[in-house]
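No value in this document is a laboratory result; all are computed from the given coordinates. Since the structure is predicted, the reported quantities are computational estimates derived from the model, not experimental observations. A quick note on method: Cβ atoms are made from the backbone with ideal geometry, for glycine too, and the neighbour counts reach across all protein chains shown.
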Amino acid sequence: MDPDSERPQICNVTPFQQIVASCTGAILTSLMVTPLDVVKIRLQAQNNQFSKGECFVYNNGLMDHVCICEEEGSKAWYKKPGYFRGTLDAFIKIIRNEGIKSLWSGLPPTLVMAVPATVIYFTCYDQLTAFLKSKLGENERHIPIFAGIVARFGAVTVISPLELIRTKMQSKRFSYNELHQFISKKVSEDGWISLWRGWTPTLLRDVPFSAMYWYNYELIRKWLCVKYGLYEPTFTVNFTSGALSGSFAAVVTLPFDVVKTQKQTHLWMYESHKISKPLHMSTWAIMKNIVAKNGLSGLFTGLTPRLIKIAPACAIMISTYEFGKAFFHKQNTQKQQL
């Protein structure tokens, strides 16, 4: 029996319930994955001290954030002394010396950006999938690819201006009036399109990731259901499918992630007047430079830490989301039977 026939149908789950499920998944994922990146940054900082005025990209599996190295006397979480022998040792010493809350440093900006992006992404994907299945049939295998591409395209487009604004706010403290003046000036000088600077490399990384992720997720989940004789996917099946599909997509799209990181850091340096000219090189030109300097392996810099974050983030997010939808489906069915 096809497991999809017994899967909770999206038509019985309202868009609002999908939003609640995706919002819950984003918050839970941020809470569980953020400590991994906090520890990774602390380990990096003890080996290579960040200089004042430099910036680095912080990523917790859901969102990227440009972190700025402030004054020498600041109490930034990434500059605290370490002497850690490894990941586990760092976890233990940070909790013992600084308190468990230190593992969630930098969480607020993650929630501000990740929650709306995730809500848009997952809700659009499910709504579009349901629409396409009603038109093309339940067994059309290319639906996850198309729905994933469109959903990610929409999420990146909506969030991109917020990324630019947040990057500018990190360069110095802005009042809301100053921020409004900055946006108005930028739009009058360069047009509305200037608010989407950095949109292209983000799409080149996130859209292929989304297409591969959803296609493989649906494929692996269906295969696991058939293999273990399940009529509907369990939490474990969803978790495993999310981790495997996320890992595969993360490896394939890593070169675009490396390029995006370079563009993000250069953008901040330009916006904060650290450099006189922004980085106008195309994605392909940046890739050629990386290969020329570091070889082909340079395009896959940071593969291990990316997998350590992406795999659990994808697994936690999708399994929580599917669990939430199954819960609402059950509640709605019970109400209909009354």
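Calculated FRET efficiency, SER134 to THR200, Cβ-Cβ distance, R0 = 41 Å: about 0.80 to the nearest 0.05.
Between ILE19 and GLN336, the FRET efficiency estimated from the beta carbon spacing at R0 = 25 angstrom works out to 0.75. Go through LYS40/LYS309; LYS260/LYS293; LYS227/LYS309; LYS40/LYS260; LYS40/LYS101; LYS40/LYS93 and tell me which ones have a Cα-Cα distance over 22 Å in this structure. Where the Cα-Cα span goes over 22 Å, the pairs concerned are LYS227/LYS309.
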